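Novice: Pasting a structure below so you can have a look.
The values are calculated or read from the model by the stated rules, or taken from the named source; none is laboratory data. Because the structure is a prediction, the values reported are computed rather than measured. Cβ coordinates were reconstructed from backbone atoms using ideal geometry, including for glycine residues, and neighbour counts include every protein chain displayed. Protein only, heavy atoms only, side chains kept; ligands, DNA and RNA dropped before computing areas. Shrake-Rupley method; radii C 1.70, N 1.55, O 1.52, S 1.80 Å.
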Amino acid sequence: MKKTGNGWEEIREMLSSLPGGRIHNGGRLEIGPENKLFITVGDAGVPESAQNLEVLSGKILRMNLDGSIPNDNPFKNSYIYSYGHRNPQGMAWDEGGKMYAAEHGQTAHDEINVIIPGGNYGWPVIQGDEEREGMIKPLFHSGNETWAPSGLAFNKGKLYVAALRGQQIRAFDLQARTSAPVFENVGRIRDLLVDDNYLYFITNNTDGRGSPNPNDDHLLRISLEDIK
């Protein structure tokens, strides 16, 4: 889409016919450090599709900004960058270019994954601490707790995750391999952004699954100094 005056003009369709369903549609877009567009796509309620490299559901996709397939994608003539995902959500990169993604698990077991080209993240074969040759375990998972992680942001060695069902912002210390909630009590949190030592985030209590207060939803800002 192109900005024109006070509106937007739709220029062209880059990718169509993505599998979709009532649940598990992913739907995040992020431009990574190499100026490529990454797209999270859920399994659309068909778990076995996540292991099928002939379909785009249950995957993280990567494309050039003109819609073409990058020559260095891990699978020839394919947008697929990683697979075996149930319902991947937010993505973020650290200062060295390492990629992370949040993902909704089945009956808890929500995940934070390190994403590598061509990686198989196991759904629906493994979850949590389960192992299978050729499949990648999560860096963090919620065990029997449910976070429903959504937006993801990196700052100074920590990942900050917006949680829907968990109704919190959770910080993951990548060196200590620990995590803890750092902000709560505003309901469901959909997305967040780190900018100039502030954390901006939006609540999502009016989506039919929350308990909205008058005048919900909100865009909020807190200092990162206040949540260390």
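Novice: Write out, first by first residue and then by second, each pair whose Cβ atoms fall under 7 Å of each other, whose residues are 6+ apart or on separate chains, and whose first residue, in the stretch 110-122, is more than 23 Å from residue 145 (Cβ to Cβ) while the second is outside any strand (DSSP E or B) and open to solvent by less than 10 Å² (accessible area, probe 1.4 Å).
Specialist: Final answer for the pair search is 120/84.
Novice: Further question on the same structure: Only one residue in 45, 27, 58 is over 17 Å from residue 117 (Cα atoms), in contact (Cβ under 8 Å) with a residue 12 or more places away in the chain and touching a strand residue (DSSP E or B) at 6+ places or on another chain (Cβ under 8 Å), so which one is that?
Specialist: None of the other options fit; the residue is 27.
Novice: As an exercise: evaluate residue 5 against (1) open to solvent by 60 Å² or more (accessible area, probe 1.4 Å); (2) modelled with pLDDT of 95 or more and give the number of the one condition it does not meet.
Specialist: (2)
Novice: Among the residues of the stretch 69-79, are any buried (at least 16 other Cβ atoms within 10 Å of the Cβ) and over 20 Å from residue 31 (Cα atoms)?
Specialist: No.
Novice: Let me ask something else about it. Would you please name the residue that is nearest to residue 184 (Cα to Cα), looking only at residues in the stretch 127-155 that are without any contact (Cβ under 8 Å) to a residue 60 or more places away in the chain and either open to solvent by less than 10 Å² (accessible area, probe 1.4 Å) or among the basic types (Lys, Arg) (or both)?
Specialist: 128
Novice: Just one of 220, 164, 192, 199 is over 30 Å from residue 71 (Cα atoms) and touching a helix residue (DSSP H, G or I) at 6+ places or on another chain (Cβ under 8 Å); which is it?
Specialist: 199
Novice: Scan (1) of a type in the set (Asp, Glu); (2) farther than 17 Å from residue 149 by Cβ; (3) crowded, with 19+ Cβ neighbours inside 10 Å for the single condition residue 103 breaks and write down its number.
Specialist: (2)
Novice: Another question, then. Please work out which residue is most open to solvent (accessible area, probe 1.4 Å), limiting yourself to the stretch 80-100 and to residues that are more than 16 Å from residue 31 (Cβ to Cβ) and part of a strand (DSSP E or B).
Specialist: Step by step, filter the stretch 80-100, then rank; the result is 83.
Novice: Another question, if that's okay. Inside the stretch 118-145, can you point out the residues that are part of a strand (DSSP E or B) and over 26 Å from residue 169 (Cβ atoms)?
Specialist: 120
Novice: Now for a separate question. I'd like the residue in the stretch 166-184 that is charged (D, E, K, R) and without any contact (Cβ under 8 Å) to a residue 24 or more places away in the chain and, out of all such residues, is least open to solvent (accessible area, probe 1.4 Å).
Specialist: 170
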